[in-house]
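Colleague: Structure in structure tokens, see below.
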Amino acid sequence: MLEDEKDNTKACLRMIRKSNYTDSEKEDLSIKISNKSLEKDLNHPNLVKFKECWMDSINFYFIQEYIEGDELLQYIQNINLTE
């Protein structure tokens, strides 16, 4: 967990290996990060707030708002669904 110095909110850093993507996907994501268009694409009221992104030769990095509580997958697996 990080603290965003711009607005003193909690944030988290996500690191994704470029090797997880095809060459075409890596190129597309690299262009969007370079052009800062990814920030516009990922900001939506129903998504975790996207703050910043960058890349190096091995990884993509994303800073997002931090949400307290369980991981979404854990939450979905633990809820009791009744009809």
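Colleague: For the chain, give the magnitude of the charge dipole about the Cα centre (Cβ charges: +1 Lys/Arg, -1 Asp/Glu; no others), in debye to the nearest 20.
Modeller: Roughly 240 debye, rounded to the nearest 20.
Colleague: Cross-link candidates for K10: which lysines have Cα within less than 24 Å, leaving aside residues fewer than 8 places away along the same chain?
Modeller: K36, K40, K49, K51
Colleague: Scanning the chain for trypsin sites (Lys or Arg not before Pro) in DSSP loops with at most 11 other Cβ atoms within 10 Å, what's the longest stretch left with none?
Modeller: Answer - 37-83.
Colleague: Follow-up question, since we're still on this one. For the stretch 6-21, just list the computed ³J(HN,Hα) in residue order, Karplus coefficients 6.51, -1.76 and 1.60, θ = phi - 60°, integers in Hz, with x standing in for Gly and Pro.
Modeller: 5, 10, 6, 9, 6, 9, 10, 9, 10, 10, 10, 5, 4, 5, 6, 10
Colleague: In addition: Which whole-number percent is the relative contact order of the chain (Cα, under 8 Å, 6+ apart)? Before the final figure, lay out each step's value.
Modeller: Numbers: 88 pairs, mean separation 25.8, N = 83.
Dividing the mean separation by the residue count of the chain yields 31 percent.
Colleague: How large is Rg/Rh for the chain, to two decimals, with Cα atoms and a Kirkwood Rh? Before the final figure, lay out the partial values.
Modeller: Numbers: Rg = 15.4 Å, Rh = 14.7 Å.
My calculation of the ratio gives 1.05.
Colleague: Extending each Cα 7 Å along its Cβ direction at S19 and K32, get the distance between those two points in nm, one decimal.
Modeller: It is 2.3 nm.
Colleague: Same structure, new question: Can you find, among N8, I79, C53, the residue farthest towards the positive end of the dipole of the chain? Put +1 on the C-beta of Lys and Arg, -1 on that of Asp and Glu.
Modeller: The residue sitting farthest along the positive end of the dipole is C53.
Colleague: Where does helix 23-34 land angle-wise versus the long Cα axis of the chain, in degrees 0 to 90, nearest 10?
Modeller: 90
Colleague: On to the next question. Grab the other residues whose beta carbon is less than 12 angstrom from that of N78, score K and R as +1, D and E as -1, and report the net.
Modeller: After counting each charged neighbour, the total is -2.
Colleague: Let me ask something else about it. Starting from the amide H of Y66, placed 1.01 Å from N in the peptide plane, find each other amide H under 5 Å away whose residue is 5 or more places distant or on another chain.
Modeller: Those qualifying (amide H under 5 Å, at least 5 residues apart or on another chain) are K10, A11, C12.
Each value in this text was obtained by applying a stated rule to the coordinates, not by laboratory testing. Keep in mind it's a predicted model, so treat the numbers as computed, not measured. Cβ coordinates were reconstructed from backbone atoms using ideal geometry, including for glycine residues, and neighbour counts include every protein chain displayed.
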